[in-house]
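Student: What follows is a structure written as structure tokens; I'll ask about it next.
The values are calculated or read from the model by the stated rules, or taken from the named source; none is laboratory data. What you see is a predicted model; the values in this text were computed from it and never measured. Glycine gets a Cβ as well: all are built from the backbone with ideal geometry, and neighbour counts include every protein chain shown.
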Amino acid sequence: MTFFRVYSGTLHSDSTVWNSAHERDERIGSIMTLRGKAQEPAGAVGAGDIGAIAKLAATTTGDTLCARDRHLQLAPPTFPLPTYSAAIEAKTRQDQDRMSQAMQRIQEEDLTIRARRDEETGQMVLQGIGDSHLEITIEKIRRKFGADLRIEPLRIPYRETIRGRARADGRHVRQTGGSGQFGVCTIEIEPLPRGGGYQFVDRIVGGVISGGFRVAVDKGIQDKMADGVLAGYPMVDVKVTLVDGKEHSVDSSEMAFKIAGSLAFQKGIESAGAILLEPVMKVAITVPDTNTGDIMSDLSTKRGRVMGMNPNGDSMTTVDAEVPMSEVVRYATSLRSITQGRGSFSYEFGHYDEMPASVAQKVIEDAKTKSDRH
């Protein structure tokens with residue numbers, strides 16, 4: 001059912017109008033006016049009134065319907081950006097199949113809803129204005145599309161890195177009845193600046209390791225970095241230098257050196273001091289002047305850093321801050337409580353920063369608990 005408002009002229013039942021957004025005809029069937037749950041037939045709706053039409057073919061939220069010979073397109077409404085995120089999961093395989101269709105339709109109907117698959121965590125993330133908004137949306141999906149969904153904790157895309165330098169040997173030697181496995185390498189690891197990614201430097205002298213085996217060492221290190229060593233999160237901002245090694249004329253293989261590289265990296269990380277990084281968001285919070293003190297106090301409890309304050313006029317102030325993502329995903333609830341619903345905020349990714357040891361320890365323990373369950 002499509003709700004509409006007439007801005008000029010009159011819309012009649014059983015007529016044809018022009019959808020200027022999609023540039024196509026739209027057939028108007030029976031028009032209704034609503035009185036609570038009651039639907040009352042209306043032959044026509046005049047300027048200033050609101051009505052409803054069932055089963056439109058192409059019209060979506062924000063479109064303009066007009067006469068074909070008087071082309072007009074009104075500015076669409078400005079909708080607030082979604083600020084509350086939750087992960088959703090289908091309860092059964094059948095629900096999973098229905099969820100894909102439901103996500104597309106629900107976003108067409110409600111332009112304050114966003115749904116996306118997080119490539120890193122694999123979760124389906126649903127974003128809206130607040131917790132009640134998402135709960136109502138999930139109930140609507142269950143009722144209209146028959147997809148039973150549940151809300152799951154949102155996984156934060158943490159990263160791992162190192163604080164210091166280390167040197168380590170990786171040795172993978174297996175002698176069996178037939179051909180064995182032989183791979184030995186020595187590496188040095190050191191941290192890179194934030195955003196430095198990964199660098200592999202080959203400093204082998206004299207050909208003590210063949211070129212193909214050096215590539216295998218690099219591959220083994222990268223595989224280990226993808227799995228992480230503390231809590232299973234990808235490792236970043238690390239430089240690895242291959243400085244020495246040994247190979248066997250018969251038993252050496254790419255797989256042996258790949259394993260040796262992984263073992264060397266594991267040992268080096270243990271000595272270099274692995275740490276957890278968390279995503280930090282840039283947040284702009286607009287609140288009444290009377291609430292700025294409460295907002296800054298609340299941000300301090302969320303490990304936020306206030307970067308500046310800008311008066312907007314009309315007794316409103318925008319507070320710019322940097323806040324860990326784990327504290328932002330449900331900030332809409334806190335803000336609504338502090339400002340009685342008069343505050344708003346937006347955020348975007350800023351950078352990765354080191355987590356406090358006490359917070360990191362809890363993340364590591366939670367990761368180990370999940371790993372033990374599986």
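Student: Is it true that some residue in the stretch 125-137 is of a type in the set (A, V, I, L, M, F, W, C), farther than 24 Å from PHE345 by Cα and part of a helix (DSSP H, G or I)? So that I can check it myself, show each step before the final result.
Tutor: So the first thing to find is which residues in the stretch 125-137 are of a type in the set (A, V, I, L, M, F, W, C), and the list is 125-126, 129, 134, 136.
Remaining after also requiring farther than 24 Å from PHE345 by Cα: none.
Within the stretch 125-137, not a single residue is of a type in the set (A, V, I, L, M, F, W, C), farther than 24 Å from PHE345 by Cα and part of a helix (DSSP H, G or I).
Student: Then there's this: Just to verify a result, which residue in the stretch 237-256, among those that are surrounded by fewer than 20 Cβ atoms within 10 Å (Cβ to Cβ), of a type in the set (A, V, I, L, M) and not in a helix (DSSP H, G or I), is modelled with the lowest pLDDT?
Tutor: My answer is VAL250.
Student: Would you check which residues across the stretch 86-115 are out of contact with any helix residue (DSSP H, G or I) (no Cβ under 9 Å at 6 or more places or on another chain) and touching a residue at least 60 places away in the same chain (Cβ under 8 Å) and list them?
Tutor: Matches in the stretch 86-115: ALA87 only.
Student: Please state which one of ARG171, ARG194, ARG167, ARG214 is assigned by TED's automatic domain parsing to the domain that holds ASP227, without any contact (Cβ under 8 Å) to a residue 60 or more places away in the chain and under 30 Å from ASP237 (Cα atoms).
Tutor: Working: ARG171 fails: without any contact (Cβ under 8 Å) to a residue 60 or more places away in the chain; ARG194 fails: without any contact (Cβ under 8 Å) to a residue 60 or more places away in the chain; ARG167 fails: without any contact (Cβ under 8 Å) to a residue 60 or more places away in the chain.
Step by step, each of ARG171, ARG194, ARG167, ARG214 is checked, and only ARG214 is assigned by TED's automatic domain parsing to the domain that holds ASP227, without any contact (Cβ under 8 Å) to a residue 60 or more places away in the chain and under 30 Å from ASP237 (Cα atoms).
Student: Sticking with this one: Which residues, counting only those in the stretch 7-24, are in a loop (DSSP other than H, G, I, E, B), of a type outside the set (Gly, Ala, Ser) and closer than 19 Å to GLU109 by Cα? Before you say what the answer is, go through the steps one by one.
Tutor: Applying the first criterion (in a loop (DSSP other than H, G, I, E, B)) to the stretch 7-24 yields 7-9, 13-14, 20-23.
Now drop any that are not of a type outside the set (Gly, Ala, Ser), which leaves 7, 14, 22-23.
Across the stretch 7-24, the qualifying residue is only HIS22.
Student: Another one. Within the stretch 152-165, can you find the residues that are at pLDDT 90 or above and either farther than 17 Å from ARG330 by Cα or assigned to a strand (DSSP E or B) (or both)? Quick ask: steps written out before the conclusion?
Tutor: Taking the stretch 152-165 as the starting set, the residues that turn out to be at pLDDT 90 or above are 156-165.
TYR158, ARG159, GLU160, THR161, ILE162, ARG163, GLY164, ARG165 - these are the residues of the stretch 152-165 that are at pLDDT 90 or above and either farther than 17 Å from ARG330 by Cα or assigned to a strand (DSSP E or B) (or both).
Student: Out of curiosity, is LYS368 in contact (Cβ under 8 Å) with a residue 60 or more places away in the chain, surrounded by fewer than 15 Cβ atoms within 10 Å (Cβ to Cβ), out of contact with any Cys (no Cβ under 9 Å at 6 or more places or on another chain) and outside the structural domain of VAL229 (by TED's automatic domain parsing)?
Tutor: So LYS368 fits the description; yes.
Student: Could you list all residues from the stretch 201-211 that are under 23 Å from MET235 (Cα atoms), outside any loop (DSSP other than H, G, I, E, B) and either over 38 Å from the mean Cα position of the chain (by Cα) or among the acidic types (Asp, Glu) (or both)?
Tutor: Of the residues in the stretch 201-211, the ones under 23 Å from MET235 (Cα atoms) are 201-203.
Next cut, outside any loop (DSSP other than H, G, I, E, B) only: 201-202.
Across the stretch 201-211, the qualifying residue is only ASP202.
Student: For the stretch 301-374, which strands (runs of 3 or more DSSP E) that fit wholly inside it have 2 or more residues that are modelled with pLDDT of 90 or more and under 22 Å from the mean Cα position of the chain (by Cα)? So that I can check it myself, show each step before the final result.
Tutor: On the way: elements: 305-313, 316-324, 344-354.
Where strands (runs of 3 or more DSSP E) fall fully within the stretch 301-374 and carry at least 2 residues being modelled with pLDDT of 90 or more and under 22 Å from the mean Cα position of the chain (by Cα), they are 316-324, 344-354.
Student: Next question, about the same structure. Out of (1) under 30 Å from LEU192 (Cα atoms); (2) without any contact (Cβ under 8 Å) to a residue 12 or more places away in the chain, what's the single condition that is false for VAL363?
Tutor: For VAL363, the failing item is (2).
Student: Just for strands (runs of 3 or more DSSP E) wholly inside the stretch 25-81: which have at least 1 residues that are of a type in the set (S, T, N, Q) and in contact (Cβ under 8 Å) with a residue 12 or more places away in the chain? Don't jump to the end; show me each part of the working.
Tutor: On the way: elements: 31-35, 38-42, 44-46, 50-53.
The qualifying strands (runs of 3 or more DSSP E) are 31-35, 38-42.
Student: What residue, among those in the stretch 1-26 that are over 35 Å from the mean Cα position of the chain (by Cα) and aliphatic (A, V, I, L, M), is nearest to ALA47 (Cα to Cα)?
Tutor: If we filter the stretch 1-26 for residues that are over 35 Å from the mean Cα position of the chain (by Cα), which is where we start, we get 5-18, 24-26.
Filter once more, so that each one left must be aliphatic (A, V, I, L, M): 6, 11, 17.
Numbers: VAL6: 5, LEU11: 9, VAL17: 16 Å.
Once the filter is applied, the top-ranked residue is VAL6.
Residue by residue, here is whether (1) surrounded by fewer than 16 Cβ atoms within 10 Å (Cβ to Cβ); (2) modelled with pLDDT of 90 or more; (3) assigned to a helix (DSSP H, G or I); (4) in contact with a strand residue (DSSP E or B) (Cβ under 9 Å, 6 or more places away or on another chain) holds:
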| position | (1), (2), (3), (4) |
| --- | --- |
| SER179 | yes, no, no, no |
| GLY183 | no, yes, no, yes |
| THR186 | no, yes, no, yes |
| PRO193 | yes, yes, no, no |
| GLN199 | yes, yes, no, yes |
| VAL217 | no, yes, yes, yes |
| GLN222 | no, yes, yes, yes |
| ALA226 | yes, yes, yes, yes |
| LEU230 | no, no, no, yes |
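Student: Could you check the stretch 281-296 and list, in sequence order, the residues that are under 29 Å from the mean Cα position of the chain (by Cα) and either part of a helix (DSSP H, G or I) or more than 30 Å from ASP314 (Cα to Cα) (or both)?
Tutor: Kept after step one, since they are under 29 Å from the mean Cα position of the chain (by Cα), are these residues of the stretch 281-296: 281-287, 292, 294-296.
If the condition is that a residue be under 29 Å from the mean Cα position of the chain (by Cα) and either part of a helix (DSSP H, G or I) or more than 30 Å from ASP314 (Cα to Cα) (or both), then THR292, ASP294, ILE295, MET296 are the ones that fit.
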